[in-house]
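A.B. asks: Below is one structure. I have some questions about it.
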Amino acid sequence: MKTPALWSAQAHMPSIIDRQIRVVSAQGAYLTTDKGSRLFDGTSSLWYSNIGHGREEMAQVAYEQMRTLDAYHVFGRYTNDRAVELSEKLVDIAPMDNAKVILNSGGSDAIDVALKLARRYWNHIGRKTKTVIISREHSYHGLHAYGTSVAGLDFNREGYGTDSLVSGTERVEKHSTTAFAEAIERIGAENIAAYIAEPILGTGGVHPPQEGYFEEIQKMCRDNEILFIADEVITGFGRTGSMFASTRYGLQPDIVTFAKGVTSGYAALGGIFVAPRLWQPFFERNANAPIYRHGTTYSGHPVTAALALKNLEILEQESLIERSAHLEQVLSNSLSEIESHELVASTRVGGLLGAIELRDIAQAEVITDQLLDLGFISRPLRGNSVQISPPFISTDQEVRSLVEAVRYLLDDIQ
Ligand code: PLP
């Protein structure tokens, strides 16, 4: 029997071979499939289509940039206008003062670069035993070797022969500051390089932080000289109604990772913000200054950078972050109405990120399949939850309709 050439991501291939959804075009908050279905993009693809699909001005920017400078690397002495402009813009809006920016090709890249830099920094200043990375259970930090190793979703770490591809990773309970304190006690602060967390756990089921959690974690990080890394790959660039969730939740990270919303998905771009104490040794005008040996072929790609710049301009010009904050309220109101439903265990919202956790009698996988027949894309997340994270350009009614569609399907089960 013929099987597809494309090995899909995170897919049980035998189950999906005969039921693939081929997306042929997209406009605004809607996709069209080869079968002619029109689907509301209720997850903004993989949490990134913030300004919506199919924008003419984005296509124009890519076209013009390709005609001027299609690509050139930024290794060593080389740089280019768009990479420089984007980095300056990013530093202006960064959730930390006087940041530097490292650019690469996506969220998993950003995680690798961030975690390696944490270790590289301690090593450089002579604290060579500080190598362990602590993450949270149910966290998702991409699927490169480091992201796989710190993953709090166990199934992403399984099957590689050891518990962790990269040695020196530990996970702690997601809302517990006591668990973090115990881990520090057990491992020893002198062996811990960094703590990494998504401000709102995304793929693990949309879990916003509990009151006071990060405040205490950050204090422990400071007291024990542990770097604090905020993984803002989902939350960055407006998803929480602020440019960054770090600002919304009062975080002072040493490193922030970003991707997705920086281009709204129009090009593959990720990166990190680095706080002064980490970058300063590498910038000292001194022949003995260390080199951070990071870099990927497409770091600072000019077309990608041009698209990011345009995306950030659109966010500002169309007040889309304010729009995201408004839609959070709409989503929150809709979710509070469905929360009392017999088949709903709980609902969660943090920014324009929502989840409806179902009781066992209803299966999130089944509901998300049935939603497709009603014209809505959503996604089953860990913990039998249905993900809702629409584009910022969605209307109030579209957001309400998606939640209403879930209610309609649940009513049918009863
Ligand atoms: N970090 C977080 C919080 C994510 O949600 C993701 C992807 O969903 C990643 C990292 C990895 O990003 P990418 O898939 O672009 O490699």
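A.B. asks: What are the residues in the stretch 202-252 that are in contact with a Lys or Arg (Cβ under 9 Å, 6 or more places away or on another chain), crowded, with 23+ Cβ neighbours inside 10 Å and among the acidic types (Asp, Glu), if any?
C.D. replies: Glu232
A.B. asks: Quickly run through the stretch 223-249 and pick out the residues that are within 16 Å of the ligand (Cβ to nearest atom), in a loop (DSSP other than H, G, I, E, B) and of a type in the set (Gly, Ala, Ser).
C.D. replies: Those that are within 16 Å of the ligand (Cβ to nearest atom), in a loop (DSSP other than H, G, I, E, B) and of a type in the set (Gly, Ala, Ser): Gly236, Gly238.
A.B. asks: Any idea how many residues of the stretch 8-44 are within 16 Å of the ligand (Cβ to nearest atom) and closer than 27 Å to Gly159 by Cβ?
C.D. replies: Looking only at that region, the number is 5.
A.B. asks: I need a count of the residues in the stretch 277-294 that are part of a helix (DSSP H, G or I) and over 21 Å from Ile226 (Cβ atoms).
C.D. replies: 1
A.B. asks: Let me ask you something else. Taking the stretch 32-65 as the region of interest, how many residues are exposed (fewer than 14 other Cβ atoms within 10 Å of the Cβ) and assigned to a helix (DSSP H, G or I)?
C.D. replies: 6
A.B. asks: Here are Ala355, Ala305: which of them is closer than 22 Å to Leu269 by Cα, hydrophobic (A, V, I, L, M, F, W, C) and in contact with a strand residue (DSSP E or B) (Cβ under 8 Å, 6 or more places away or on another chain)?
C.D. replies: It is Ala305.
A.B. asks: Here are Ser164, Ser176, Ser149: which of them is farther than 16 Å from Asp254 by Cβ, in contact with a Leu (Cβ under 7 Å, 6 or more places away or on another chain) and not acidic (Asp, Glu)?
C.D. replies: Checking each option against the conditions leaves just Ser149.
A.B. asks: Right, next: For Ile51, all conditions in the list (1) over 23 Å from the mean Cα position of the chain (by Cα); (2) of a type in the set (Val, Ile, Thr); (3) closer than 19 Å to Leu315 by Cα hold save one; what is the number of the exception?
C.D. replies: Evaluating Ile51 over (1) over 23 Å from the mean Cα position of the chain (by Cα); (2) of a type in the set (Val, Ile, Thr); (3) closer than 19 Å to Leu315 by Cα leaves (1) as the failure.
A.B. asks: Right, here's the next one. With respect to Ala287, determine if the residue is at pLDDT below 95 and in the same structural domain as Ala71 (by TED's automatic domain parsing).
C.D. replies: Here the answer is yes, as Ala287 does meet what is asked.
A.B. asks: Being crowded, with 16+ Cβ neighbours inside 10 Å and out of contact with any helix residue (DSSP H, G or I) (no Cβ under 6 Å at 6 or more places or on another chain) narrows it down to one residue among Ala29, Ala71, Ala11, Ala5; which is it?
C.D. replies: Result: Ala29 is the single residue among Ala29, Ala71, Ala11, Ala5 that is crowded, with 16+ Cβ neighbours inside 10 Å and out of contact with any helix residue (DSSP H, G or I) (no Cβ under 6 Å at 6 or more places or on another chain).
A.B. asks: Of everything in the stretch 136-162, what is within 15 Å of the ligand (Cβ to nearest atom), in a loop (DSSP other than H, G, I, E, B) and of a type in the set (Phe, Trp, Tyr)? Give them in sequence order.
C.D. replies: Hit for the stretch 136-162 is Tyr140, nothing else.
A.B. asks: Another one. Those residues that are of a type in the set (Lys, Arg) and buried (at least 17 other Cβ atoms within 10 Å of the Cβ), I need them from the stretch 334-372; list them, please.
C.D. replies: Matches in the stretch 334-372: Arg348 only.
A.B. asks: For the stretch 115-126, what are the residues that are under 18 Å from Ile229 (Cα atoms), more than 16 Å from the ligand (Cβ to nearest atom) and not aromatic (Phe, Trp, Tyr)?
C.D. replies: Scanning the stretch 115-126 gives Arg119, Arg120, Asn123.
A.B. asks: From the list Ser299, Ser340, Ser346, Ser264, which one is in a loop (DSSP other than H, G, I, E, B), in contact with a strand residue (DSSP E or B) (Cβ under 7 Å, 6 or more places away or on another chain) and not basic (Lys, Arg)?
C.D. replies: The match here is Ser299.
A.B. asks: Further question on the same structure: Of the conditions (1) closer than 20 Å to Leu103 by Cβ; (2) not assigned by TED's automatic domain parsing to the domain that holds His301, Asp41 satisfies every one except a single condition; which number is it?
C.D. replies: If we test Asp41 against (1) closer than 20 Å to Leu103 by Cβ; (2) not assigned by TED's automatic domain parsing to the domain that holds His301, just (1) comes out false.
Residue-by-condition table, conditions (1) on the phi > 0 side of the Ramachandran plot; (2) not polar (S, T, N, Q):
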| position | (1), (2) |
| --- | --- |
| Met220 | no, yes |
| Asp223 | no, yes |
| Ile226 | no, yes |
| Val233 | no, yes |
| Phe237 | yes, yes |
| Ser242 | no, no |
| Thr247 | no, no |
| Lys260 | yes, yes |
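A.B. asks: So Gly375 ticks every box in (1) crowded, with 17+ Cβ neighbours inside 10 Å; (2) closer than 18 Å to Ser49 by Cα but one. Which box is left unticked?
C.D. replies: Here Gly375 clears every test but (1).
A.B. asks: Continuing with this model, one more query. Restricting to the stretch 68-108, name every residue that is of a type in the set (Val, Ile, Thr), away from the ligand (no atom under 16 Å from the Cβ) and within 26 Å of the chain's Cα centre (by Cα).
C.D. replies: Answer for the stretch 68-108, where residues must be of a type in the set (Val, Ile, Thr), away from the ligand (no atom under 16 Å from the Cβ) and within 26 Å of the chain's Cα centre (by Cα): Val74, Val84, Val91, Ile93, Val101.
A.B. asks: Pick out the one residue from Ile187, Ile111 that is out of contact with any Pro (no Cβ under 9 Å at 6 or more places or on another chain), away from the ligand (no atom under 13 Å from the Cβ) and outside the structural domain of Ile356 (by TED's automatic domain parsing).
C.D. replies: Ile187
The values are calculated or read from the model by the stated rules, or taken from the named source; none is laboratory data. Keep in mind the model is a prediction, meaning the values are calculated, not measured. Note: ideal-geometry Cβ built from the backbone for every residue, glycine included; neighbour counts use all protein chains shown.
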